[in-house]
1. Would you check which residues across the range 125-156 are touching a residue at least 60 places away in the same chain (Cβ under 8 Å) and in a helix (DSSP H, G or I) and list them?
2. Take Tyr94 and decide whether it is crowded, with 18+ Cβ neighbours inside 10 Å, touching a residue at least 60 places away in the same chain (Cβ under 8 Å) and aromatic (Phe, Trp, Tyr).
3. Return a yes/no flag: does the range 294-304 have any residue that is modelled with pLDDT under 95 and within 27 Å of the chain's Cα centre (by Cα).
4. Could you identify the single residue in Gly376, Gly319 that is touching a residue at least 60 places away in the same chain (Cβ under 8 Å) and at positive phi?
5. Residues being part of a helix (DSSP H, G or I) and among the small types (Gly, Ala, Ser): count how many of those fall in the range 166-215.
6. Give me a count of the residues in the range 58-107 that are within 25 Å of Val25 (Cα to Cα) and either at pLDDT 90 or above or more than 25 Å from the chain's Cα centre (by Cα) (or both).
7. Would you check if Leu275 is at pLDDT 95 or above, farther than 13 Å from Met180 by Cβ and more than 26 Å from the chain's Cα centre (by Cα)?
Amino acid sequence: MLKKVGILANGGDVSGFNAVIRAIVKTAENHGIECYGIVDGYNGLLKKNFEILTTAANGEANGILPKGGSIIGSSTNANLFNYKIVNEDGSVQYRDMSDQAIQNIKDFGFDCIFTLGGDGTQKSARDFATKGVNIIGVPKTIDNDVACTEITFGYNTAVSVAMEALDRLHTTGATHHRIMVLEVMGRYAGWIALESAIAGGADIALIPEIPYDIKLVAEKIESRKRIGKNFSVVVVAEGAMPKGGTLTVMNQRDNGNGVDNTKLGGIGQVVAQQLQEMTGLEARNTTLGYMQRGGTPTAFDRVLSTKYGTKAMELALEGKFGVLTIIKNGKLDCISLEDVVGNNKQIGAVSGNTQESNLRKITMDDDLIKTARNIGINLGD
């Protein structure tokens, strides 16, 4: 019999966090279950930072459906199985703080924890489930790369923002006869780049799954020039790489062991400069950055987030823990967190985004790839 549950939002913010929170709370209230927000992601579990959530007139979860971000915060640097501790003398060490977090869960009386997040978040969720915590994951990321589900919440909003940016870049490119490059997020998967390129009428899309040949990209632009089209629009995922090349890294962060400390960025400017030199057309790069994450969610993401949230609470009521809510064949379902993490099995070793991680990437037989090629979008190969 469930009496009290906790909701945890973790990883980079997306539009849809609050819609999931609201759906869980409303469903729980219908069954007399108390909901608490675990503030600032996994950090909140360690610091016992819990806030009551209700949809009453003055409740924290009232009126949050259209709001971007997360009313309970989030964290991008909290791997509780390998937690960064800064000592009084300034020295740094890493400790496994998971047992303390589990004790906090027991002391507060949580019957289930909902983890809203991507690959790294669900890796830690799996690790907590292995240690006996009742966990249910909800797949979040604008990159759309969480394994085992067809779509993550937050992705549609990010694509829509990128599409609008492409619409605006088109007019400037056509007016000034320029190559307009748009760099979008997508570390290891090119879903945002490819789908926004199709929706926004781009001529070229460079994605992590297909190492590109810049000469073939330039040839596409030259072929457009020959038929009187003296501008081109290029979408580049931040994780795109040239053939035989490496990722373009902006800097290395120090957010602790077991989290992805590589900050990507700059590939759009590199591509723009190369294409300008090779084609003779002026090229300009726009890096969309955090514009993709913020703001109100689309209608699609509001509905998807609500579906995910209600399904997660239903699973808890059924006693199905250690699972991730997913969309499979267009319908709500669930799958074991063990399947989600794939070969990344060792507890606490890493929080995700490794070679062992079971990330969902674009395959070459995907309908998006076929569609892009059929309408003449150059993929750099």
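1. Those that are touching a residue at least 60 places away in the same chain (Cβ under 8 Å) and in a helix (DSSP H, G or I): Ala125, Arg126, Asp127, Ala129, Thr130, Tyr155, Asn156.
2. Criteria not met by Tyr94.
3. Yes, the range 294-304 contains at least one residue that is modelled with pLDDT under 95 and within 27 Å of the chain's Cα centre (by Cα).
4. From the options Gly376, Gly319, the qualifying one is Gly376.
5. Within the range 166-215, residues that are part of a helix (DSSP H, G or I) and among the small types (Gly, Ala, Ser) number 6.
6. 25
7. no
Per-residue answers, yes or no, for (1) aliphatic (A, V, I, L, M); (2) at pLDDT below 95; (3) buried (at least 22 other Cβ atoms within 10 Å of the Cβ):
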{"site": "Ser196", "(1), (2), (3)": "no, no, yes"}
{"site": "Ala202", "(1), (2), (3)": "yes, no, yes"}
{"site": "Pro211", "(1), (2), (3)": "no, no, no"}
{"site": "Lys215", "(1), (2), (3)": "no, no, no"}
{"site": "Val233", "(1), (2), (3)": "yes, no, yes"}
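The values are calculated or read from the model by the stated rules, or taken from the named source; none is laboratory data. The shown structure was predicted, so the numbers you read here are calculated from the model rather than taken from an experiment. Neighbour counts run over all protein chains shown; Cβ positions are idealised from the backbone, glycine included.
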